[in-house]
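Take a look at the structure below.
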Amino acid sequence: MNMVITIKRVSMLCIIAMYLLGTPVYAEQVHRVAAGETLSGIASSYGITTDSLLGNNQYVVNPDLIHPGLVLIIPDSSRQYYVVRPGDTLSEISQRFEVSVPILANLNDIENVDLLYVGQILLIRFQPLEREELAVVENTLSPIANRFPDTFFFRGEPDGLRVALTFDDGPDSVETNAVLDVLQRYGVPATFFLLGSNIPGNADVVERLVAEGHTVANHSTTHPDLRTLTEEQLRNELLTLENAVYDITGLRTALMRPTYGFINDDVLRQVGDLGYRAIQWSVDTKDWRDIDIDQVLINTMPNLRDGSIILMHDHPSVTIEVLPEIIHSLKSQGYTFVTVDELLGVNAYKQ
Ligand SMILES: [Zn+2]
């Protein structure tokens, strides 16, 4: 029964910590799998169930392939307690809270399930806090994809564990080359949405992108909010970049990414008329905002699914540091990295 004391002590520590920090104690955190670790062992070391650990890391589709270096995001959870009353039994408590007796016994370190005492504090469950981000993306973008089925895409269909890395705002002789070095090391292709204003002086980077099997795509020329442009301005934004890439590679881009992800029906109609497909994303690493590697992993891993289109950028240094962990974790689970055009089964370039 010493676990009860432990729980009380933890609760007291929580209260003290919350008082001192003024914030909830629990937050998502990164766990990197070490040799010999198991999912259930990792879960129990954080006091959570294997199910809630897997629920927060749904990209882990092969729980038997938990290799060292795999990144797991430990869910943010709250704890639900129950204080035992006269006449309570564990099986009755189990039914009331819909938690099995073995789980209750395990959570509370109970050896004899018939032995409860009045006033005993039982930990009923860890409740992982809802992650709503992916659902919001899906609910917001699915209707647009349904209205523009040939023009607008934000993810691929789940099909054989494929994901697409995308990098915005290049090319840059230092940053893009650094990203390319990482991708080359892992043999991973990606899609680069280039800015026309960054092309001058970086023709060799554009050539390297194509030579190494990446897809070159259009992110406009000066990075304006496309919704604010006249038709002529929007056309110029796309065609100036398209022509610059054509002069270097002989290829005419057919995929574009809306700047800031800002779109409306007018923009999408014009983009389609110009022979383009607009490619949004389903996973935002927020590498443009967060400089902490673990925070970028927390932004990324729980949202990954079969068919994900992952948004990254060429410029932040955190990108180069976090890429190997994302690639390793997904590859070790059996995922393949493909270009966006391959993921969607569309042409990367105008024919
Ligand atoms: Zn951008």
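The values are calculated or read from the model by the stated rules, or taken from the named source; none is laboratory data. These figures come from a predicted structure and were not determined experimentally. We place every Cβ from the backbone using ideal geometry, glycine too, and count neighbours over all the protein chains shown. Note: areas computed on protein heavy atoms with side chains; ligands, DNA, RNA excluded. Shrake-Rupley method; radii C 1.70, N 1.55, O 1.52, S 1.80 Å.
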Scoring only Lys, Arg, Asp and Glu (+1, +1, -1, -1) among other residues with Cβ under 14 Å from the Cβ of VAL61 yields 0
Within the stretch 85-166, which chymotrypsin sites (Phe, Trp or Tyr not before Pro) sit in a loop by DSSP and count at most 16 neighbouring Cβ atoms inside 10 Å? TYR117
Accessible area in square angstrom per residue, the stretch 133-344, 1.4 angstrom probe: 38 Å²
How large is the direction-averaged shadow of the alpha-carbon convex hull of the chain, in nm²? 20.8 nm²
May I ask you to evaluate 6.51 cos²θ - 1.76 cosθ + 1.60, the Karplus curve with θ = phi - 60°, for each residue of the stretch 78-87 and list the ³J(HN,Hα) values in order in whole Hz, giving x for glycine and proline? 10, 10, 10, 10, 9, 9, 5, 10, x, x
With all protein chains present and a 1.4 Å probe, how do TRP288, TRP281 order by accessible area, largest first? TRP288, TRP281
Taking ARG289, ARG85, ARG257 and ranking on accessible area (1.4 Å, protein atoms only), highest first, one gets ARG85, ARG289, ARG257
In the chain, what percent of the accessible surface is made up of carbon and sulfur (1.4 Å probe, ligands and nucleic acids excluded)? 53 percent
Relative contact order (%) - the chain, alpha-carbon pairs under 8 angstrom, separation at least six: 22 percent
Estimated FRET transfer efficiency when R0 is 41 angstrom, pair SER78-TYR246 (beta carbons, to 0.05): 0.15
Out of the stretch 200-307, which GluC sites (Glu not before Pro) are coil in DSSP terms and have no more than 15 other C-beta atoms within 10 Å? GLU212
Loop chymotrypsin sites (Phe, Trp or Tyr not before Pro), the stretch 169-265 (other Cβ atoms within 10 Å of the site Cβ: 12 or fewer; DSSP): PHE262
Between ASP168 and residues 5 or more places away or on another chain, the pairs with built amide H atoms under 5 Å apart involve PHE193, MET312, HIS313, ASP314
State whether the stretch 80-132 is rounded, prolate or oblate according to the following rule on the C-alpha gyration tensor (a ≥ b ≥ c being the square roots of its eigenvalues): a/c under 1.5 gives rounded; otherwise a/b larger than b/c gives prolate, and the remaining case gives oblate. prolate
Quick check: with the 1.4 Å probe, what order do THR191, THR89, THR228 take by accessible area, largest first? THR228, THR89, THR191
Of LEU122, LEU141, ILE103, farthest towards positive along the dipole that unit charges on Lys, Arg, Asp, Glu beta carbons give the stretch 44-176: LEU122
